[in-house]
1. How many residues does the stretch 50-67 contain that are outside any loop (DSSP other than H, G, I, E, B) and surrounded by 16 or more Cβ atoms within 10 Å (Cβ to Cβ)?
2. Of everything in the stretch 63-81, what is at pLDDT 95 or above, under 15 Å from residue 33 (Cβ atoms) and in contact with a helix residue (DSSP H, G or I) (Cβ under 7 Å, 6 or more places away or on another chain)? Give them in sequence order.
3. Which count do you get for residues in the stretch 94-106 that are more than 14 Å from the chain's Cα centre (by Cα) and either modelled with pLDDT of 95 or more or under 15 Å from residue 70 (Cα atoms) (or both)?
4. Report yes if residue 34 is over 24 Å from residue 147 (Cβ atoms) and touching a strand residue (DSSP E or B) at 6+ places or on another chain (Cβ under 6 Å), otherwise no.
5. So which residues in the stretch 64-92 are free of Cβ contacts under 8 Å to residues at least 60 places away in the same chain and touching a strand residue (DSSP E or B) at 6+ places or on another chain (Cβ under 6 Å)?
6. Could you say whether any residue in the stretch 107-124 is over 22 Å from residue 137 (Cβ atoms) and either modelled with pLDDT of 95 or more or surrounded by 16 or more Cβ atoms within 10 Å (Cβ to Cβ) (or both)?
7. Output the number of the condition that residue 149 fails; it satisfies all remaining conditions of (1) at pLDDT 95 or above; (2) touching a strand residue (DSSP E or B) at 6+ places or on another chain (Cβ under 6 Å).
8. For the stretch 125-132, does any single residue satisfy the condition of being surrounded by 13 or more Cβ atoms within 10 Å (Cβ to Cβ) and on the phi > 0 side of the Ramachandran plot?
């Protein structure tokens with residue numbers, strides 16, 4: 001390839017390279033303190049499923065080292081809180097943050113809620129079958145975090 005063709009090809013591919021370099025970058029939509037989730041690559045710390053359904057993802061962060069745990073379903077987070085309490089006593093601290101995706105979010109624009117303040121609507125089809133979706137606003141029949149947690153724990157571990 002002669003120099004002229006080489007340079008022409010390089011200039012022609014520059015816009016494509018710029019567009020592709022933007023893929024996977026943090027777009028600034030994560031709440032302060034939340035670690036970005038790498039969709040379709042990060043896995044749930046409890047069940048090891050890939051986190052891909054943006055409507056049900058959750059994350060916990062806290063402790064002396066600001067440890068982060070990512071989940072594909074709020075039900076996995078509920079069981080993790082119960083099962084790992086002895087290993088990570090900081091999870092019960094008020095300073096521990098738990099975020100959950102708003103069920104009404106668009107896949108390209110996920111809204112994150114404080115999991116303890118969110119309202120939970122049953123009857124959804126979630127990745128692990130706990131079937132609760134989080135909402136910022138109360139809806140008929142919605143549950144608070146503690147009520148949802150009781151329902152999930154009563155359903156048994158999956």
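The values are calculated or read from the model by the stated rules, or taken from the named source; none is laboratory data. These numbers come from a predicted model, not from an experiment. Note that we place each Cβ from the backbone using ideal geometry, even for glycine, and neighbour counts take in every protein chain shown.
1. Result for the stretch 50-67: 5.
2. Of everything in the stretch 63-81, just one residue is at pLDDT 95 or above, under 15 Å from residue 33 (Cβ atoms) and in contact with a helix residue (DSSP H, G or I) (Cβ under 7 Å, 6 or more places away or on another chain), namely 69.
3. Here the count works out to 1.
4. Numbers: over 24 Å from residue 147 (Cβ atoms): yes; touching a strand residue (DSSP E or B) at 6+ places or on another chain (Cβ under 6 Å): yes.
For residue 34, the condition - over 24 Å from residue 147 (Cβ atoms) and touching a strand residue (DSSP E or B) at 6+ places or on another chain (Cβ under 6 Å) - is met.
5. Those that are free of Cβ contacts under 8 Å to residues at least 60 places away in the same chain and touching a strand residue (DSSP E or B) at 6+ places or on another chain (Cβ under 6 Å): 68, 69, 70, 71, 77, 90.
6. No: the stretch 107-124 contains no residue that is over 22 Å from residue 137 (Cβ atoms) and either modelled with pLDDT of 95 or more or surrounded by 16 or more Cβ atoms within 10 Å (Cβ to Cβ) (or both).
7. Only one criterion in (1) at pLDDT 95 or above; (2) touching a strand residue (DSSP E or B) at 6+ places or on another chain (Cβ under 6 Å) is unmet by residue 149, namely (2).
8. The initial filter retains those residues of the stretch 125-132 that are surrounded by 13 or more Cβ atoms within 10 Å (Cβ to Cβ), namely 126-128, 130-132.
Remaining after also requiring on the phi > 0 side of the Ramachandran plot: 131.
Yes: the stretch 125-132 contains one or more residues that are surrounded by 13 or more Cβ atoms within 10 Å (Cβ to Cβ) and on the phi > 0 side of the Ramachandran plot.
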